[in-house]
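Note sheet for the following structure.
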Amino acid sequence: MFNKTESTKGSFLEQTKAAREERAQEKKKEYATVIIQSHIRGWLVRKKIAQQILDEYDAIFTEGEIIAEPKPSLQVYQVVCKFLLIWKKSRDKDRFEKLCRYLVGTLESDSIKVSYIGVALNKEHALTWISHMKDILWKCCEYLNDLRPESAAEMRVVLLYLHTLVAFTSTNTWTVLKTKHMELLKPGLNQLCANIMGYLFTKGFYLTLKSLLQRGLSRSKIALKHVSLSALVTLAIRPLVSAGFTEKLMTMFVIHILSVPALVLHVQNLAPECIQGFVNHNILTKSLELLNTEQNIRIVFNTLEGNYALCLVGNLVHLAYIQKDDSLKEVFFPTFTFVISRMLESCQNYVVSKQSNLTYWHPVLGWFAQNMDYGLHEAMPSVKVQLYMLWSGCVVNVILGHTLSELVEIGSEGGSESYGGTAGTSSTSATTSSNLLRRALDHRTNKANAAKHHRKLGSPECTKVALLCSLYQTALGTLTQLRLDILTGLCYQDNILCNLWRFLCSLGPHCGLKAFLDLLAVNTKCSAPEFQMLILFSDCMTHYVTILDDLEMYEQQKPFRLVDYVKMSYFLNHFLYKAVLGNLLDVKSLNTNALFQSTHTLLMVLYRRDCRRSYTPDNHWLVKDLRMAAFFNDLEKGKKTTQVFLQKMPHIIPHEERVQLFRRNVGNEKMVLGLTESACISLQSTLITVHRNRIVEDGYRQLALLPPQALKGVIRVHFINEQGLDEAGIDQDGVFKEFLEETIKRVFDPSLNLFRVTSEERLYPSPTSYMQDNHLQLFEFVGRMLGKAVYELANALVVLSSTAEDGEIEVRISLANALVVLSSTAEDGEIEVRISGIVVDVPFASFFLSQVLGQQHQALYSSMDELPSLDPELYRSLTFIKHHQGDVQDLDLTFSLDEDCMGRIVTHELVPGGRAVPVNNENKINYIHLMAHFRMHTQIKDQTAAFIKGFRAIINPEWLSLFSTPELQRLVSGDNIPLDLRDLRRHTQYYGGFHDSHRVVCWLWDILDKDFNDEEKRLFLKPPLLGFAHLEPPFSIRCVEVGDDEDTGDTIGSVIRGFFTIRKKDPQNRLPTSSTCFNLLKLPNYQKKSTLRDKLRYAVSSNTGFELS
């Protein structure tokens, strides 16, 4: 019973609980229903009210036009206030446009009731009207952010909103204020406008203007027109004016407005009257003053980063260009110089920090990792136009030109050292007085007076010039893709470069050499402005000399005289020598040191110019302080400084010492490769068989594929004569010499069409050599053969040619780069000739040798400079075009070249589509350099590359870097100087009874001196490269009584007979003979001087082939 009762109770409780929960749920549903209904009713009411507001609004405005009979502005104001409460951006776009048109239109009314300004004059609504207008104007900005100015339809709306903003941020267009009784309210209303501008600024007004400016201007086709751009500029300046140009607003203006790409350029082109606004408000000066602190520059640059910071620089430079006659003169130093320098330097550091494997190409800054947006890329040509103004003539004159002119004039008035240099003053003083004592006193007085007027590094005027130069040097380092344009701008603006040189000359003896070295000792990083000045001068001068032709440099000599180049090169040569020697420059980082690179490049440009056509005195490039014994000792120890001199400045070492070093390098390599007798008991040799009538073909077939190491070793030649018979004799190197000389003689013969000759009989590769089969392989073979000849230069002796008559063989030999014509007799015997060195008489065109040395790949190589060595007539024609005063287009030239190839005219284009590109005054410099480059490089680049490949397979390119172009020619062909008989006689040894006073010996020297002309002397003996003192073994003359086949050497009897001129046999039918391996001339004891003269002349004038027996 009790269990049933408990079960009923539990069920009742559960039912009661469920019912209670159900009632609670019903209440919640009921409450939710009420809430939903209230929201719906509220939404419906709001929608109804909103619709009523919109209907009321639409009733006032009809299709965007002001109603025919204007209603009171207060009434409209009340409607608009309600409209703004329910405003939705997308829905009410057209309604808002109507509102703006109405607002702008009311300003033209002079009625306070109609003009919307009248609401502001109502005390009840004044404060709310201000907030109301702030709201409207900011909504204009919001719409502007979404509009596309490139669209004509949307551009009309842009103009409307800009008009609204312009109209309500200034009282200038408020007609209602033009009545007399309203003028008193103007100051207060101006303050009201300032208050509105302040509000807009805090909301991001400048961001809106920046966005619209960039969308309208950063395009290939500019979207903004005169009216819109004028409005934007006006709106950009108004916050500054209203706030009194506070630092905060100026910072925002600089960051957001002045950083718009090419803003000032577009304003000048589209709305030039707005430029006056920049000028009147001193925007340039105030911007520079803001940026004249390190902190502000850092803030601005970090906000903009690289690309837009560069755009800011462009706009500042353009403003400076516009105000070059007034404001720029006041602020160019130090403010403008500091700001632009620091901005460019920051850009440079930014580029370095952003370099990575994923980089983008920037048309001004080069490669770095910040990608440009499309608009900025489109605007960059305009930014470049602005940057070009920095090195335009008028700006450079204001910044640097006037300062240098004043200092140079002051220096000249004060009696400072003439910029012509010591070379010029010494020659002048030598002619003014013949009195040695007076000249010495005058020189001492002049030196003392000059010392008084020398400027010192660190003086105010020197520091000023150095900082001004640093500006342009920083521009060169930052604007890497505009480098050539900057250099051209600086080099050809009046006399700026010349005056900078004169200023450098005023720094002390030898252009302040000691002062610069002292500064370098304490400023090892070369960061001082004075070094930037020196770097800038070196870079500009390098550019200037590179494009200077011979007429300008050697004939006109304006503005630089040859004596200036002499003094310049002296300073650079000794500055670099002492800086490296004294470890003032870190030799490990010379390749990245800007000071070394710039000064060294200029030095080498001047040196190569002198090598091509000399303008310096003898031994000018040598450094007197250099002691060769100590130098070679340091070189053996591996001292870094000596290696630097060899690699970078070999010209400071005498030529003879460099030839000895070359020979030492060859000897060391032979030792390493085991190609010397001391290194290997039995030298491995290569034997080739050559037919006399197929010398080149057989040699090429057997030697072309020979490895370079084998070719550097011993090559034995076995000749087959024209009858097909083996030639007698054993090749002890003499036969190979003959083979090599005959091969070289034939391949360089122009009739083979591998090489051509210039008008000066100089050889260069033929552009039409492709008509020969395997012509490139032949060029490589020729290069290897010539390399072999130079490789064997390390010692002394070469057989070049001979003549045979009546069993006598006359041999012409080269002694250590010297050519000697002697003879030797062979009858049933062998002539043993030992090879010691080979010199071939092959005169190359200097431009070709420059390419062999690799100079065409070096910085600032000028094809135009080398052109005279190929085609003097073409050089004169191109020089005429360069200096032509009229319109070059009248000459009907194009960027193409017509050439007659086997009766067929072939047109070569210097640039793609060049035959349709006319040559005019703007591109003529480019044309002449392209023409020279085509003739000397493009036409023969394959042939030259093949020749160089073969040559360098034998000769290490590092060894060649020791020599200049003419020195390389001397290395190949020997000295082309008159025979120095005194030097030869001084180093001649005598045997067989001969002595220096012997009658026959005296006849020999007298005949050579008085009877032989220069050509006969050259045939007798070509001077050695280093003089006869270096000939091993020494040149000797021996008295002989019998033929070479009977000669057993000197005996006591033969020496006595020779000494006393006792005849054993009549030698009148015998020729002089030679032992080529001993540099020995065997001279019969002739009884008559005429006999000696005739026999000697016959021997030297014969030039026919011979076979070694």
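The values are calculated or read from the model by the stated rules, or taken from the named source; none is laboratory data. Predicted, not measured: the structure shown is a model, and the values here were computed from it. Using ideal geometry, Cβ is built from the backbone for each residue, glycine included, and neighbour counts are taken over all protein chains shown. Just the protein is used for accessible areas: all its heavy atoms, side chains included, with ligands, DNA and RNA removed. Shrake-Rupley method; radii C 1.70, N 1.55, O 1.52, S 1.80 Å.
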Those residues of the range 872-894 that are open to solvent by less than 50 Å² (accessible area, probe 1.4 Å) and either of a type in the set (Phe, Trp, Tyr) or assigned by the TED database to the domain that holds Glu552 (or both) come to a total of 1
For Ala594, the lone unmet condition from (1) modelled with pLDDT of 90 or more; (2) over 26 Å from Phe847 (Cα atoms); (3) over 19 Å from the mean Cα position of the chain (by Cα) is (3)
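Results for (1) assigned to a helix (DSSP H, G or I); (2) under 27 Å from the mean Cα position of the chain (by Cα); (3) surrounded by fewer than 19 Cβ atoms within 10 Å (Cβ to Cβ), shown as yes or no for each residue.
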| site | (1), (2), (3) |
| --- | --- |
| Leu584 | no, yes, no |
| Leu602 | yes, yes, no |
| Leu606 | yes, yes, no |
| Gly638 | no, no, yes |
Practice item. State yes or no: is Asp733 modelled with pLDDT under 85, among the acidic types (Asp, Glu) and within 26 Å of Asn665 (Cα to Cα)? Key: yes
Across (1) within 35 Å of the chain's Cα centre (by Cα); (2) at pLDDT 95 or above, Gln295 clears everything bar (2)
Of the residues in the range 148-181, those that are open to solvent by less than 20 Å² (accessible area, probe 1.4 Å) and without any contact (Cβ under 8 Å) to a residue 60 or more places away in the chain come to Thr171
Q. Yes or no: Leu971 within 30 Å of Ser1036 (Cβ to Cβ), in contact (Cβ under 8 Å) with a residue 60 or more places away in the chain and touching a helix residue (DSSP H, G or I) at 6+ places or on another chain (Cβ under 9 Å)?
A. yes
From the option list Leu971, Leu1004, Leu962, Leu1026, single residue qualifying as closer than 21 Å to Arg663 by Cβ, modelled with pLDDT under 90 and surrounded by 21 or more Cβ atoms within 10 Å (Cβ to Cβ) is Leu971
Note: among Tyr577, Tyr607, Tyr615, just one is under 21 Å from Val522 (Cα atoms) and either touching a helix residue (DSSP H, G or I) at 6+ places or on another chain (Cβ under 6 Å) or among the aromatic types (Phe, Trp, Tyr) (or both), namely Tyr577
Scanning the range 765-783 for residues that are within 23 Å of Ile905 (Cβ to Cβ) and not small (Gly, Ala, Ser), the one surrounded by the fewest Cβ atoms within 10 Å (Cβ to Cβ) turns out to be Met771
Those residues of the range 551-564 that are charged (D, E, K, R), open to solvent by 20 Å² or more (accessible area, probe 1.4 Å) and part of a helix (DSSP H, G or I) come to a total of 2
### Task
State yes or no: is Gln276 open to solvent by 20 Å² or more (accessible area, probe 1.4 Å), in a helix (DSSP H, G or I) and without any contact (Cβ under 8 Å) to a residue 40 or more places away in the chain?
yes
Filtering helices (runs of 4 or more DSSP H) wholly in the range 150-256 for at least 3 residues that are out of contact with any strand residue (DSSP E or B) (no Cβ under 7 Å at 6 or more places or on another chain) and more than 29 Å from Asp94 (Cβ to Cβ) gives 186-203, 226-243, 247-256
Per the list (1) at pLDDT 80 or above; (2) within 17 Å of His995 (Cα to Cα); (3) within 60 Å of the chain's Cα centre (by Cα), residue check on Leu1081 breaks on (1)
Taking the range 581-634 and the residues there that are free of Cβ contacts under 8 Å to residues at least 24 places away in the same chain and among the hydroxyl-bearing types (Ser, Thr, Tyr), the one that is farthest from Leu513 (Cα to Cα) would be Ser614
Tyr206 meets each of (1) in contact with a Cys (Cβ under 9 Å, 6 or more places away or on another chain); (2) within 22 Å of Arg156 (Cα to Cα) with one exception, condition (1)
- Quick check, is Ser346 within 23 Å of the chain's Cα centre (by Cα), open to solvent by 10 Å² or more (accessible area, probe 1.4 Å) and farther than 18 Å from Val254 by Cβ? no
Given the conditions (1) open to solvent by 70 Å² or more (accessible area, probe 1.4 Å); (2) farther than 19 Å from Ala231 by Cβ; (3) of a type outside the set (A, V, I, L, M, F, W, C), every one holds for Arg219 apart from (2)
message = Looking at the range 306-316, can you tell me whether even one residue there is in a helix (DSSP H, G or I) and open to solvent by 10 Å² or more (accessible area, probe 1.4 Å)?
response = yes
Going through (1) assigned to a helix (DSSP H, G or I); (2) at pLDDT 90 or above; (3) open to solvent by 40 Å² or more (accessible area, probe 1.4 Å); (4) of a type outside the set (S, T, N, Q) one by one, Lys89 fails only at (1)
The number of residues in the range 925-959 that are at pLDDT below 90 and not in a helix (DSSP H, G or I) is 0
Note on the range 749-783: residues in contact (Cβ under 8 Å) with a residue 12 or more places away in the chain and over 18 Å from Ala945 (Cβ atoms) are Pro750, Leu752, Asn753, Thr758, Ser759, Glu760, Glu761, Arg762, Met771
Q. Do we find a residue being outside any loop (DSSP other than H, G, I, E, B) and aromatic (Phe, Trp, Tyr) anywhere in the range 624-633?
A. yes
Residues of the range 458-469 being surrounded by fewer than 23 Cβ atoms within 10 Å (Cβ to Cβ) and within 13 Å of Ile340 (Cα to Cα), in sequence order, are Leu467
